[in-house]
1. Which ³J(HN,Hα) values in Hz, rounded to whole numbers, follow from the phi angles of segment 419-432 under the Karplus curve 6.51 cos²θ - 1.76 cosθ + 1.60, where θ = phi - 60° and Gly and Pro get x?
2. Could you grab the relative contact order for the chain? Cα pairs under 8 Å, six or more apart, rounded to a whole percent.
3. Using modelled amide H (1.01 Å from N, peptide plane; none on Pro or chain starts), what sits under 5 Å from the amide H of Ala230, excluding residues fewer than 5 places away?
4. Return the percentage of antiparallel bridges among DSSP beta bridges fully within the chain, rounded to the nearest 5 %.
5. Report the per residue volume, in Å³, of the convex hull enclosing the C-alpha atoms of segment 150-199.
6. Can you work out the Karplus-derived ³J(HN,Hα) for every residue in segment 340-351? Use 6.51 cos²θ - 1.76 cosθ + 1.60 with θ = phi - 60°, whole Hz, and x for glycine or proline.
7. Rounded, prolate or oblate: which fits segment 89-168 when a ≥ b ≥ c are the square roots of the eigenvalues of the alpha-carbon gyration tensor, with rounded for a/c under 1.5 and prolate only if a/b beats b/c?
8. Under a Cβ-only charge scheme (Lys and Arg +1, Asp and Glu -1), can you give me the dipole magnitude of the chain about the Cα centre, in debye to the nearest 20?
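The values are calculated or read from the model by the stated rules, or taken from the named source; none is laboratory data. Note that the coordinates shown come from a computational prediction; the quantities given were computed from them, not determined experimentally. Please note: Cβ atoms are built from the backbone with ideal geometry, for glycine as well, and neighbour counts cover all protein chains shown. All accessible areas refer to the heavy atoms of the entire protein, side chains included, with ligands and DNA or RNA removed. Shrake-Rupley method; radii C 1.70, N 1.55, O 1.52, S 1.80 Å.
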Amino acid sequence: MAYYDYIIVGSGIAGLYTSLLAKEQGSVLVITKGSIDDCNTKYAQGGIAAAIGRGDSPELHFKDTIAAGDGLCDEKAVRILVNEAPGRIAELVNFGVPFDTLDGEIALTMEAAHSIPRILHAGGDATGEHIEVTLSKLVRSSKIKVLEDCLATEILVEKGAVRGIKAIDCHTGSIDEFECRSLILATGGAGQLFKFNTNSDIATGDGIALAYKAGAEIVDMEFFQFHPTALSLPGVTPFLISEAVRGEGGILRNVDGYRFMPDYTPQGDLAPRDIVTRSILYEMKKTSSDRVFIDVTHLPPYVTTTRFPNIYQFCLAHGLDITEELVPVAPAAHYMMGGIKTNSWGETNIAGLFATGETACTGVHGANRLASNSMLEVVVFSKRIVGKTGKGIKQRASSVTKGTEAHHLLSQRQVPETAPAPSLSALQQLHWNKVGVIRNRESLTQAADILAAWQKALPKPTDRPSYELNNLVLTGQLVTEAALLRKESRGAHFRSDFPQSSPQWQRHIVFTTK
Ligand SMILES: Cc1cc2nc3c(=O)[nH]c(=O)nc-3n(C[C@H](O)[C@H](O)[C@H](O)COP(=O)(O)OP(=O)(O)OC[C@H]3O[C@@H](n4cnc5c(N)ncnc54)[C@H](O)[C@@H]3O)c2cc1C
């Protein structure tokens, strides 16, 4: 059986960046279920946050991150994030990421809920693509072994420690086992839970399901961020209209052309995502419309076409010239704040198992992620994983900080003897309708019951779609049960039956199998 010092599952920014650092410490295998560049990372538009500009400081970045996180950020992790950001940006520059410049300095833009322009970008609104392509080229030309179209199906644990991973070759269906000293999950998010989402089709919660089944702790799953502004055109999958568009002066208007955001919050168009998302939904209801609009027609056309070339071209290809016409938008599921619980070294509660990127929960986002902090989280904490594992010793399980946590088993629900097996579209519709932006006890209980029945009815997986559907059902159960448990509204989690936040809920919900 093949043995590696590091096995990394996933080839978005988290998997690639970690593998480039890890290859200096030992042998590396990257397993990825599609081609190397299939991931959410390549769709990231706005950029990556770091306090590197004049007048900015890690302290200011810290304050903005804590404010967005609505009482649930891990302050120690946020300090690490903001303090180590400049060093990691320098590393990305060394790797060759071509950040945009202005007058010879890295250009910085504004995004919602940041108090100062601090977002680095590349190719205007093609930041993720530039990062992904730069890193994947480096990986391809290195000694790192990459297995594409290879889907991880089970974490192998022996005597409480990771031994390796099982994976299926998506072409032949054959299953292989690979052994390692350190297993790093970098499998991304779970946006495919929801009918309307901005994510790539790889975002099926695989890492969450694998880790949960292996005995890892899963935390904060009720916090799923909905992006307020995805393009809403009939027959077109939701395409992100970056926050940076409002950062550059874009204005939200309702179907009657009225600028509504100042009616909801003094922060207006640049309020945090959860507030803008709910305001848009209220405004859509008020005006009996399924969309609102972003207006950039007052900006000089060259600003729109040069700062947002991808968005401009995408809309133009669908018959919309955004320099002259309003852009129809509606909210869509976007980012999973919760995930596999890690400490500030990326360690989980299972020895030898690490998680990084969107599948991990380091605690920096709390109840609501500050825009452009997620790719930053990846590079800061991946570096720490490799720093910690570089000594060649198998890591011990992380110690758990129980003080602010409530531990739960997934609830055992009464389910009918026989139930029809779910389809992907039924699962996405269920989550959008019952576990979406605004939830309540009734909608969540209905969803939890249906998911439990589906869990029982799922056939044994045999190929990529069936493994992914299995993983989505389990991830959906974790999201739904956590949302039912949290009887308050906070950050991205809004319950119409408990619309206020409550001090007694300033704690985390953790699921484990034990
Ligand atoms: C449209 C959009 C715009 C965004 N804009 C920004 C932004 O401006 N700034 C920012 O900071 N963040 C942004 N985000 C969020 C950010 O892009 C992601 O959180 C980040 O890129 C996640 O990186 P990752 O490496 O963790 O996951 P991904 O990039 O999603 O990569 C996951 C990888 O894991 C692989 N994988 C999954 N399951 C398995 C399995 N079972 N076996 C093998 N391989 C598997 C996938 O194929 C993929 O290669 C945006 C996200 C989207 C969708």
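1. Coupling constants for segment 419-432: 9, x, 5, x, 10, 4, 5, 5, 5, 5, 5, 4, 5, 5 Hz.
2. Details: 1167 pairs, mean separation 107.2, N = 514.
This gives 21 percent for the chain.
3. Those qualifying (amide H under 5 Å, at least 5 residues apart or on another chain) are Ile241, Ala330, Ala332.
4. 60
5. Details: hull volume 5.1 nm³, N = 50.
Per residue, the Cα convex hull of segment 150-199 comes to 103 Å³.
6. Once rounded to whole Hz, the list reads 6, 6, 10, 8, 6, 10, x, 7, 9, 7, 10, 4.
7. Values: a/c = 3.06, a/b = 2.05, b/c = 1.49.
Cα axes put segment 89-168 in the prolate bin.
8. On the way: 50 positive and 56 negative charges, 302 e Å.
With only Lys, Arg, Asp and Glu charged at Cβ, the dipole is about 1440 debye.
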